1. Points 7 angstrom from Cα along the Cβ direction at R7 and F152: gap in nanometres?
2. Just to confirm, what accessible area per residue do you get for the range 1-80 at 1.4 Å probe, in whole Å²?
3. Rounded to whole Hz and in sequence order, give me ³J(HN,Hα) for the range 22-36 from the Karplus expression 6.51 cos²θ - 1.76 cosθ + 1.60, θ = phi - 60°, writing x for Gly and Pro.
4. With a ≥ b ≥ c the root eigenvalues of the C-alpha gyration tensor of the range 1-92, is it rounded (a/c under 1.5), prolate (a/b larger than b/c) or oblate?
5. Just order 14-21, 137-144 by mean Cβ neighbour count inside 10 Å, highest at the front, would you?
Amino acid sequence: MVGAQLRDTAQELAAVLWREHTVYRERSGGMVIRGEHVRRWISLAPAGGRDEILVRAGRILDGGTTAPARSEAVVPLSAGTGVLAATCRRLLADAAADGARPAPGREAAGGSGGSRKSRKSRKAARRNGRGRHTGFSSWVILVCVVGVIALFAYSSAMHG
């Protein structure tokens, strides 16, 4: 009964949220609504309570893969499509805001998902000696070169 009700709710919700959408069942029994044109997804799954569903929202990445859910909420199934749609819109806005913010420790252009142009500019900056600090191996080589020069100078002064 819950599966059929969840499927019907997902179909109604998809029609309210997006004109273009795909609705399908997850392996876990929940329903997923994908909006490819807005690059977002919504997941509806039974929650702990009898009349509750867990609503999760996330982004669709390049290539069609889905990013993990960034926000979720538990909504009573009896609340109706309007309340459910409002909750989904809020979660989708949160997911969009999370997607616009760079992850901590990453540049604004993004890590592995950055554009081709930004990756090329980072490589060019590295070749020009900018954009990257001196690595450990570079310091080891530098210390060895200085040591060899100091040893040569000491040897020349002693045998001089």
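The values are calculated or read from the model by the stated rules, or taken from the named source; none is laboratory data. Everything numeric in this text was worked out from a predicted model, so none of it was measured. Note: ideal-geometry Cβ built from the backbone for every residue, glycine included; neighbour counts use all protein chains shown. Only protein heavy atoms, including side chains, enter the accessible area calculation; ligands, DNA and RNA are left aside. Shrake-Rupley method; radii C 1.70, N 1.55, O 1.52, S 1.80 Å.
1. It is 8.1 nm.
2. On the way: 4600 Å² over 80 residues.
Solvent-accessible surface per residue comes out at 58 Å².
3. Result, rounded to whole Hz: 10, 10, 8, 8, 7, 4, 7, x, x, 10, 10, 10, 10, x, 4.
4. Details: a/c = 1.56, a/b = 1.48, b/c = 1.05.
It comes out prolate by the Cα gyration axes.
5. Details: 14-21: 15.5, 137-144: 10.0.
Highest mean packing first, the order is 14-21, 137-144.
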